[in-house]
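Here's the structure we're looking at; comments come further down.
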Amino acid sequence: MTGLLIAVRQQKGHRSKPVALIMSALAIAACAGPFAAPGLAAASNYLADPITTASIEPARVPHELRIELTEQGTEALGLAARLKRTGGLINRPISWTIRRQEIGESLGSTVVHKNNKPALDAPLEPGNYVVEAAYGYHRVIHPVRIQPGQRIGVTLILNVGGIRAMSGIKNTVLPPSIGAEHSVYAVSGPLKGRRVVGNAGQGHVLRLAAGIYRVESRFTAGNTVAETKVTVKPGILSSMEVAHKAGLIRIIVGTDETAAVAWDIRSLQSSWSRSHTTRDASMVLAPGRYEVTAIVDGTSMTRTFSVKAGDLRHVKLGAH
C-alpha cells in the first residue's frame, strides 16, 4: 500500500482552518472488467458506492487524497498528477475527462468537464464521478465521490517513464529521405501482448507506463524489421537505438533526368517488392538477392545484385 495524506479543513468565508490530519494507506484500482475500454487502466472504488462499481476489479495505482470542508454550493474537485511517488507534479498537458457516474454505470456516461492542462480545479455538484487521465500513451481512470460540503483534491501517481526511439544501421548515416516507424508492444503488465504504440516516427518521445516493452522498427524505405526489448522506469526518459542488420542501397536509373522512368525491385527470396517512378532512390535492404527491372523511355533493362549487412553501395541501370 502507498501512504496517503488526508488533510481535512474547515472553511469559513474564504479562509480554511485545519481541524484534523490523518495518515492512511490507500491505492487506486485499475479497470479490468467487461466495461473496460481497450488500453485503459483504472482506479479503485473505495470512494464510490458498491452498487455503481461492482464490475470494477481493484488494482494498485497509487494516489494522494486531500479533503477540505467548505460551504454547500462550493463543492469542487482538484486534479493533478506525478510521474512517480517521489517526483514533482507533472507540468506538461494531461488530458483530463470527468464523467458523472449514475447508478448502474461503471465508467460514467455524462461528460461534465474536459481539460488539457497539467492540473485543474472543477466546480462540481455532490455525487459520484469517474476521472480519466491520459498522459502520453498511458491512461488511467479513477472514481471519486464528492459529499455535500467537500472540496476534493486528487493527485494521481501515474508511474510513467519515456523512451526516445531511434533506428539505424551500424556505422552508417541514413539520408533524410529514409525515416523509421516504431511499434511498441507490452511484454508485462495488464496490457501484455498488446500493441500500445503504432508507427511512431524517428526520435519521437513515447511516454509509457512503467514496465517491459518490445519495440519493433521498420524503415519507411526498405524491407528490414528489427526489434529490441526495453524497460521503462517511472520518471526516467531513455534514448534507445534499434540496430538493423541491413545495407543502404542507392538505385540510379538512366542518365537523362527528363526521361520517363519506371522501375520495380523485388526480393528473390521472399514476396517483397516495390515500384518507383523516380530516377534516384535510396532504401534499406535486408541481406539477400534482389532484382531491379526498369523501363526508361520504353527501353527495358534488368539487373540482379546481392546485399550484405553493412553494405553501402550504388546500383545503376543504364547509367554511366
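The values are calculated or read from the model by the stated rules, or taken from the named source; none is laboratory data. What you see is a predicted model; the values in this text were computed from it and never measured. Cβ atoms come from the backbone with ideal geometry, glycine included; neighbour counts cover every protein chain shown.
Inspect region 287-295 for any residue being polar (S, T, N, Q) and exposed (fewer than 13 other Cβ atoms within 10 Å of the Cβ) and give the result as yes or no.
First pass over region 287-295, keeping only residues polar (S, T, N, Q): 293.
Okay, now just the ones that are also exposed (fewer than 13 other Cβ atoms within 10 Å of the Cβ), so none.
No, that holds for no residue.
Given the conditions (1) part of a loop (DSSP other than H, G, I, E, B); (2) within 19 Å of residue 181 (Cα to Cα), which single one is not true for residue 238?
The one condition residue 238 does not meet is (1).
Residues of region 139-158 being modelled with pLDDT under 95, surrounded by fewer than 22 Cβ atoms within 10 Å (Cβ to Cβ) and over 17 Å from residue 75 (Cα atoms), which ones?
139
Has region 168-186 got at least one residue that is among the basic types (Lys, Arg) and touching a His at 6+ places or on another chain (Cβ under 8 Å)? Step through it out loud before you land on a result.
Within region 168-186, the first condition is being among the basic types (Lys, Arg), and the residues that meet it are 170.
Subsequent filtering for residues that are touching a His at 6+ places or on another chain (Cβ under 8 Å) retains none.
There is no residue in region 168-186 that is among the basic types (Lys, Arg) and touching a His at 6+ places or on another chain (Cβ under 8 Å).
Mind checking whether some residue in region 186-194 is surrounded by fewer than 17 Cβ atoms within 10 Å (Cβ to Cβ) and within 30 Å of residue 268 (Cα to Cα)?
Among the residues of region 186-194, not one is surrounded by fewer than 17 Cβ atoms within 10 Å (Cβ to Cβ) and within 30 Å of residue 268 (Cα to Cα), which makes the answer no.
Provide a single number: the residues in region 102-138 that are within 22 Å of residue 62 (Cβ to Cβ), among the aliphatic types (A, V, I, L, M) and at pLDDT below 90.
Residues that pass the stated criteria total 1.
If you take the residues in region 296-312 that are among the charged types (D, E, K, R) and surrounded by 13 or more Cβ atoms within 10 Å (Cβ to Cβ), which one is farthest from residue 245 (Cα to Cα)? Before the answer, list the steps.
Of region 296-312, the ones among the charged types (D, E, K, R) are 297, 303, 308, 311.
The next check asks that each one be surrounded by 13 or more Cβ atoms within 10 Å (Cβ to Cβ); those that pass are 303, 311.
Working: 303: 23, 311: 10 Å.
Only one residue fits best here, namely 303.
I need the full set of residues from region 96-129 which are crowded, with 20+ Cβ neighbours inside 10 Å, closer than 11 Å to residue 77 by Cα and hydrophobic (A, V, I, L, M, F, W, C), in order please. Break it down into steps so the answer makes sense when it comes.
Let us first name the residues in region 96-129 that are crowded, with 20+ Cβ neighbours inside 10 Å, namely 96, 98-99, 101, 106-108, 128-129.
Narrowing further to those that are closer than 11 Å to residue 77 by Cα: 98, 129.
98 - this is the single residue of region 96-129 that is crowded, with 20+ Cβ neighbours inside 10 Å, closer than 11 Å to residue 77 by Cα and hydrophobic (A, V, I, L, M, F, W, C).
Take region 124-173 and flag every residue that is of a type in the set (Gly, Ala, Ser) and closer than 12 Å to residue 81 by Cα.
To start, the set of residues in region 124-173 that are of a type in the set (Gly, Ala, Ser) comprises 127, 133-134, 136, 149, 153, 161-162, 165, 167-168.
Those that are of a type in the set (Gly, Ala, Ser) and closer than 12 Å to residue 81 by Cα: 133, 134, 153.
Among the residues of region 254-300, what is the count of those that are in contact (Cβ under 8 Å) with a residue 60 or more places away in the chain, over 41 Å from the mean Cα position of the chain (by Cα) and at negative phi? It would help to see each step written out before you state the result.
Here is the first cut: in region 254-300, the residues in contact (Cβ under 8 Å) with a residue 60 or more places away in the chain are 254-255, 281-286.
Next, only the ones that are over 41 Å from the mean Cα position of the chain (by Cα) stay: 254-255.
Still in the running and at negative phi: 255.
Of the residues in that region, 1 qualify.
Being in the same structural domain as residue 78 (by TED's automatic domain parsing) and either touching a helix residue (DSSP H, G or I) at 6+ places or on another chain (Cβ under 9 Å) or of a type outside the set (Gly, Ala, Ser) (or both) narrows it down to one of 184, 205, 215, 144, so name that one. Explain how you work it out, then say what you get.
Working: 184 fails: in the same structural domain as residue 78 (by TED's automatic domain parsing); 205 fails: in the same structural domain as residue 78 (by TED's automatic domain parsing); 215 fails: in the same structural domain as residue 78 (by TED's automatic domain parsing).
Criteria check complete, one pass: 144.
Okay, residues lined up against (1) out of contact with any Cys (no Cβ under 7 Å at 6 or more places or on another chain); (2) surrounded by 15 or more Cβ atoms within 10 Å (Cβ to Cβ); (3) modelled with pLDDT under 95:
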{"residue": "206", "(1), (2), (3)": "yes, yes, no"}
{"residue": "212", "(1), (2), (3)": "yes, no, no"}
{"residue": "218", "(1), (2), (3)": "yes, yes, no"}
{"residue": "226", "(1), (2), (3)": "yes, yes, no"}
{"residue": "244", "(1), (2), (3)": "yes, yes, no"}
{"residue": "247", "(1), (2), (3)": "yes, yes, no"}
{"residue": "255", "(1), (2), (3)": "yes, no, yes"}
{"residue": "268", "(1), (2), (3)": "yes, no, no"}
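For region 89-206, which strands (runs of 3 or more DSSP E) that fit wholly inside it have 1 or more residues that are touching a Gly at 6+ places or on another chain (Cβ under 7 Å)? Working first, answer last.
Numbers: elements: 95-100, 110-115, 120-123, 127-135, 138-146, 150-157, 160-169, 180-186, 195-201.
Once the strands (runs of 3 or more DSSP E) in region 89-206 are filtered for at least 1 residues that are touching a Gly at 6+ places or on another chain (Cβ under 7 Å), what remains is 95-100, 120-123, 127-135, 138-146, 150-157, 160-169, 180-186, 195-201.
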